[in-house]
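As structure tokens, the structure follows; a few thoughts come after it.
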Amino acid sequence: MTSTPRRARLALPAATAALALSGAVLAAVPAQASDGAPVPSQPAVTERPAPASPAELAQRIQDSGAALRSHAATAPGEQPKATPSAEAPSGKVDPKIIGGKDATLSEAPWMVQLHYYDDKDNDDPADDEGYFCGGTLVAPAKILTAAHCVYGLDWRENGAVLGGTAQLPDGDDLHGGRFVGVWSQWVNPTYRPSTTSGGDLAVLTLSEALPYKTLRPTTSDDTASYTNGAPATVYGWGRTSSTSQDISPTLKKATVPMRSDASCTSYWGADFVPGQMACAGDPASGQDAGTVSPCNGDSGGPLVVNGRIAGVVSWGVKDCVASGAYGVYAKVSSYVGEVNSRVDDTDLDFDGLADLFARTPGGEAYEYYSVGDQSPYLGNRVALDGWAGLSLVRQADLDRDSWQDYVFRAPDGVLYTFAFNGTDRYETLRVGGGWNAMNDIRVPGDLSGDALADLVAKDKDGVLWLYPGKGDGTFGSRVRIGGGWTKYTITGKGDYDRDGRPDLLARDGSGVLWLYPGTGKAAPAFGSRVKVGGGWNAYSALATAGDTTGDGRPDLLARDTSGVMWLYKGTGKPGTAAFKTRVRVGGGWNAFNLFG
């Protein structure tokens, strides 16, 4: 997109009051609920980062809308330096539906508007910033958008997300839409803003879940969506003409054919990076007539192929219609592993990093918070009460509200989920009885392919079962995965081979660790196993919280018999290269007999 815009601040009243419950510590609960269900103490981090008040979020949208109407707002991002050549235009690469038609909310309920406005906390209008991008709801509280829409900006302090409407706001009229704030933001760490290379993708975590349908990213092995001529649909509120800076007041869509990498390389030269970027559209005609292309204001929106997100609107030529130009998109299949790690995380303290629950035999429980990819990897811990007597505890976001839930088993074999009620506390929900028949239970992610976290259980006869999640903390009818698992220790949380599907790790009786790649369906749940390596019987416990380091790849924690905890950083590669050389987290971990 173009360089940072400037505009005068509107003379509207400021609103800074926080939501009544935004920063309140959740109330204590009794050790036993009235129905006899055990109720552990509330998780430690019950004081989340305070979101902006509704009035302040509304103000940001109004200011952003005013900037749009005055042509002072567009998508952020720096222009890469195009390489002059016979094939590529010089210096006019510009991140961003000309030739489109109206799209209804019913056909794209997952489309959201990203509004950003920062007045720099002063009265000087010269440094005010207003930005607009599109985005896709990929989970109720997660937005997939372009990295250049997020990089260098503070969306929690200055942004607002508007969903549930196909129209841009008109002043305070949101046309039935609903706005929310942003908790946290993740920008693909390989993204390079100077060139828009490295995967122009970002994920925003919302301050609350939105009640709209979601759209899923494609998988890493999806090649059909990128074949030359495959029909794709791009959505957005961007410019509809090369001769006007006005963006569309209503959601637009356009059908464009996918094109080979060679097509974009022939026009863009070295600015187009195969593997990182996807090419789509017919060559622009040089004018509006005959051109179908995304344009400024469409940045961050989805390119949909076969019902999945295959690309994210990234960049194109200035004014979008230069003769011969193709549209360029971030290639989602190349980065789906990193994206899904942010969509389904195990983040207990709202910083975007996977954290760890641990408990001693005496019932003392702790939440250990990741400090990212630096020693000691697991930093401060916070003590929890009321977790004694439970034979199993697991972490997972079962209802996809970005509050981490717990699954725990009581002494009588009843399984419960412990989840945030959306208002002021965590509450227990009875899943069912008879779970003492299971030797182990794990929640590795969405194995059945419906975007909801599932549960895997190994019974005392060595049969492995899949319990598909319903998205409300309960599970559907189980599906038999297979027998012969008696001597295996199961573990795993996330997508270890970066194909967009969660996997399972299992250690056999001889100490060999195996990767069972998820298939994205309940039956068969796993493909052919891949050997990770031997010698894993040196460890007395395996713990998998997910992406502890924050690089978009799930990791593995292993405690040896002397009590030292080791971190195996995931590489996203199958087989013997699945993990990097281990690094030491610290000693004394033999004090714990249960990990989440």
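The values are calculated or read from the model by the stated rules, or taken from the named source; none is laboratory data. Here the structure is a predicted model, which is why all the values come from computation and not from measurement. FYI the Cβ positions are ideal-geometry reconstructions off the backbone, even for glycines, and counts take in every protein chain you see. Ligands, DNA and RNA are excluded from the accessible area calculation, which covers all protein heavy atoms including side chains. Shrake-Rupley method; radii C 1.70, N 1.55, O 1.52, S 1.80 Å.
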The stretch 200-219, residues that are within 20 Å of ASP154 (Cα to Cα), assigned to a loop (DSSP other than H, G, I, E, B), out of contact with any helix residue (DSSP H, G or I) (no Cβ under 6 Å at 6 or more places or on another chain) and open to solvent by less than 20 Å² (accessible area, probe 1.4 Å):
SER207
Residues of the stretch 276-290 classified as crowded, with 24+ Cβ neighbours inside 10 Å and at positive phi, total:
1
Given the conditions (1) open to solvent by less than 10 Å² (accessible area, probe 1.4 Å); (2) closer than 19 Å to PRO231 by Cβ; (3) at pLDDT below 85; (4) not β-branched (Val, Ile, Thr), which single one is not true for SER293?
(1)
Give the residue that is farthest from ARG498 (Cα to Cα), with candidates limited to residues of the stretch 436-480 that are open to solvent by 10 Å² or more (accessible area, probe 1.4 Å) and in contact with a Ser or Thr (Cβ under 7 Å, 6 or more places away or on another chain).
PRO468
Among the listed residues GLY572, GLY563, GLY511, identify the single one that is within 27 Å of GLN185 (Cβ to Cβ), open to solvent by less than 30 Å² (accessible area, probe 1.4 Å) and out of contact with any strand residue (DSSP E or B) (no Cβ under 8 Å at 6 or more places or on another chain).
GLY572
Looking at GLY527, GLY500, which is the one that is more than 20 Å from the chain's Cα centre (by Cα) and small (Gly, Ala, Ser)?
GLY527
Taking the condition in a loop (DSSP other than H, G, I, E, B) and more than 24 Å from LYS331 (Cα to Cα), does SER510 pass?
yes
For the stretch 258-275, enumerate the residues that are in a strand (DSSP E or B) and surrounded by fewer than 16 Cβ atoms within 10 Å (Cβ to Cβ).
PRO274
Inter-residue pairs, beta-carbon under 6 Å, first in a loop (DSSP other than H, G, I, E, B) and in the stretch 291-303, second basic (Lys, Arg), 6+ apart
PRO294/LYS96; CYS295/LYS96; CYS295/ARG239; ASN296/LYS96; ASN296/ARG239; GLY297/ARG239; ASP298/LYS96; SER299/LYS96
Conditions (1) part of a helix (DSSP H, G or I); (2) under 20 Å from the mean Cα position of the chain (by Cα); (3) more than 30 Å from LEU398 (Cβ to Cβ) -> TYR329 fails only (1)
Which condition number in (1) of a type outside the set (A, V, I, L, M); (2) open to solvent by 10 Å² or more (accessible area, probe 1.4 Å); (3) more than 20 Å from THR233 (Cβ to Cβ) is the one that LYS331 fails?
(3)
Matching option when the condition is under 23 Å from the mean Cα position of the chain (by Cα), within 30 Å of ASP349 (Cα to Cα) and of a type in the set (Val, Ile, Thr), among THR219, THR223, THR233:
THR219
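Before we move on, is ASP401 more than 28 Å from the chain's Cα centre (by Cα), surrounded by fewer than 22 Cβ atoms within 10 Å (Cβ to Cβ) and at pLDDT below 90? Before you say what the answer is, go through the steps one by one.
Numbers: more than 28 Å from the chain's Cα centre (by Cα): no; surrounded by fewer than 22 Cβ atoms within 10 Å (Cβ to Cβ): yes; at pLDDT below 90: yes.
No, not satisfied.
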Test: residue in the stretch 337-359 that is more than 20 Å from LEU204 (Cβ to Cβ) and touching a helix residue (DSSP H, G or I) at 6+ places or on another chain (Cβ under 7 Å)
no
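If you scan the stretch 468-483, which residues turn out to be part of a strand (DSSP E or B) and at positive phi?
Across the stretch 468-483, the qualifying residue is only GLY482.
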Of ASP154, ASP127, ASP222, ASP173, the only residue that is in contact with a helix residue (DSSP H, G or I) (Cβ under 7 Å, 6 or more places away or on another chain), surrounded by fewer than 19 Cβ atoms within 10 Å (Cβ to Cβ) and not hydroxyl-bearing (Ser, Thr, Tyr) is ASP222
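Residue-wise test of (1) under 28 Å from LEU168 (Cα atoms); (2) out of contact with any strand residue (DSSP E or B) (no Cβ under 7 Å at 6 or more places or on another chain); (3) modelled with pLDDT of 95 or more.
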| site | (1), (2), (3) |
| --- | --- |
| SER225 | no, no, yes |
| GLY229 | no, no, yes |
| ARG239 | yes, no, no |
| SER248 | yes, yes, no |
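When you look at GLY135, is it open to solvent by less than 10 Å² (accessible area, probe 1.4 Å), at pLDDT 75 or above, within 23 Å of VAL317 (Cα to Cα) and not aliphatic (A, V, I, L, M), yes or no?
yes
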